[in-house]
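Engineer: Provided herewith is a single structure, encoded as structure tokens, for subsequent inquiry.
The values are calculated or read from the model by the stated rules, or taken from the named source; none is laboratory data. Bear in mind that the values here come from a model prediction, so they are computed numbers and not experimental data. Here Cβ is always computed from backbone atoms with ideal geometry, including for glycine, and neighbour counts include all displayed protein chains. These area figures cover heavy atoms from the full protein model, side chains too; ligands, DNA and RNA do not enter into them. Shrake-Rupley method; radii C 1.70, N 1.55, O 1.52, S 1.80 Å.
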Amino acid sequence: MPHATPRKSLRRKNADLHGSAPDKSEVALILVDVINDLDFPEAKQLARFVPALADSIARLKRRAKAAGVPVIYVNDNFGRWRSDFRALIEHCRKGKGRSLIEKLYPEQADYFVLKPKHSGFFSSTLETLLRYLRVRRLIITGIAGNFCVLFTANDAYMRDYELAIPSDCVISNTAKENTEALQLMKRYLKADTRRSQRISFGKPERVR
């Protein structure tokens, strides 16, 4: 007769799926369009802000990892419906966005979502992923503050997420446009726009 596994042991084993289930956290860090080839007309304007942006987001990401906060890359699919995230990374590493990619290269435990339009929520799996993670608060960073970050933040606000958008982790074509976008998100979306050093992750809730 086969050896029967005690029911108590089964319960203990099933309580820990060893990474086969998504993490649970009230907070998630979103990186919008940082996997970028910087090959578009406005890229020259953005380029001067990229080094500081990459450094700030990289520091924030390290803090998120240390706090057990999931990191989600929400990225444009470059209009190609057959896009593969890893293929996009390799494509961008060969172009003007190489330094950006090297500083913000996705780790194995990171999540990624491909989007066809400005908002990370439009026709993507982002909302489903956030529901699985049981997220309530989003820290949104990336490119560009007055377009994709703004549209993503707006859709997040309509879904009742609390928002933090660190002012040093978002760039737009000009400093003026970036400031205006941040002011708009602070005023109308109730976003916390303090610099990343002052953004607190809090203690992620462990949901079982």
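Engineer: Could you give me the residue pairs with C-beta distances under 8 Å whose first residue belongs to region 50-66 and is farther than 12 Å from residue 197 by Cα and open to solvent by less than 10 Å² (accessible area, probe 1.4 Å), whose second residue is at pLDDT 95 or above and of a type outside the set (Val, Ile, Thr) wherever it lies, and which are 6+ apart or on separate chains?
Structural biologist: Qualifying pairs under 8 Å: 53/168; 53/169.
Engineer: May I pose another question? Checking residue 202 against (1) of a type outside the set (D, E, K, R); (2) assigned to a loop (DSSP other than H, G, I, E, B); (3) under 15 Å from the mean Cα position of the chain (by Cα), which test does it fail?
Structural biologist: (3)
Engineer: Let me ask another. Condition first: touching a residue at least 24 places away in the same chain (Cβ under 8 Å), charged (D, E, K, R) and farther than 24 Å from residue 91 by Cβ. Can you find one or more residues in region 119-127 that meet it?
Structural biologist: Checked against the condition, which is being touching a residue at least 24 places away in the same chain (Cβ under 8 Å), charged (D, E, K, R) and farther than 24 Å from residue 91 by Cβ, region 119-127 yields at least one hit.
Engineer: Given the options 173, 178, name the one that is polar (S, T, N, Q) and either open to solvent by 60 Å² or more (accessible area, probe 1.4 Å) or in a helix (DSSP H, G or I) (or both).
Structural biologist: Step by step, each of 173, 178 is checked, and only 178 is polar (S, T, N, Q) and either open to solvent by 60 Å² or more (accessible area, probe 1.4 Å) or in a helix (DSSP H, G or I) (or both).
Engineer: As an exercise: evaluate residue 155 against (1) in a helix (DSSP H, G or I); (2) within 21 Å of residue 198 (Cβ to Cβ); (3) in contact with a Ser or Thr (Cβ under 8 Å, 6 or more places away or on another chain) and give the number of the one condition it does not meet.
Structural biologist: Status for residue 155: all satisfied but (2).
Engineer: A further question on this structure: Test residue 200 against the criterion of being touching a strand residue (DSSP E or B) at 6+ places or on another chain (Cβ under 9 Å) and among the hydroxyl-bearing types (Ser, Thr, Tyr), and give yes or no.
Structural biologist: yes
Engineer: I would also like to ask the following. Hey, among the residues in region 87-131 that are among the charged types (D, E, K, R), in a helix (DSSP H, G or I) and under 16 Å from the mean Cα position of the chain (by Cα), which one's surrounded by the fewest Cβ atoms within 10 Å (Cβ to Cβ)?
Structural biologist: Per the criteria, the residue is 131.
Engineer: Moving on. Restricting attention to region 131-157, which residues are closer than 14 Å to residue 70 by Cβ, in contact with a Phe, Trp or Tyr (Cβ under 8 Å, 6 or more places away or on another chain) and not basic (Lys, Arg)?
Structural biologist: 135, 138, 139
Engineer: I'd like to know if region 183-199 contains one or more residues that are at pLDDT below 95 and either open to solvent by less than 30 Å² (accessible area, probe 1.4 Å) or more than 16 Å from residue 63 (Cβ to Cβ) (or both).
Structural biologist: Scanning region 183-199 turns up at least one residue that is at pLDDT below 95 and either open to solvent by less than 30 Å² (accessible area, probe 1.4 Å) or more than 16 Å from residue 63 (Cβ to Cβ) (or both).
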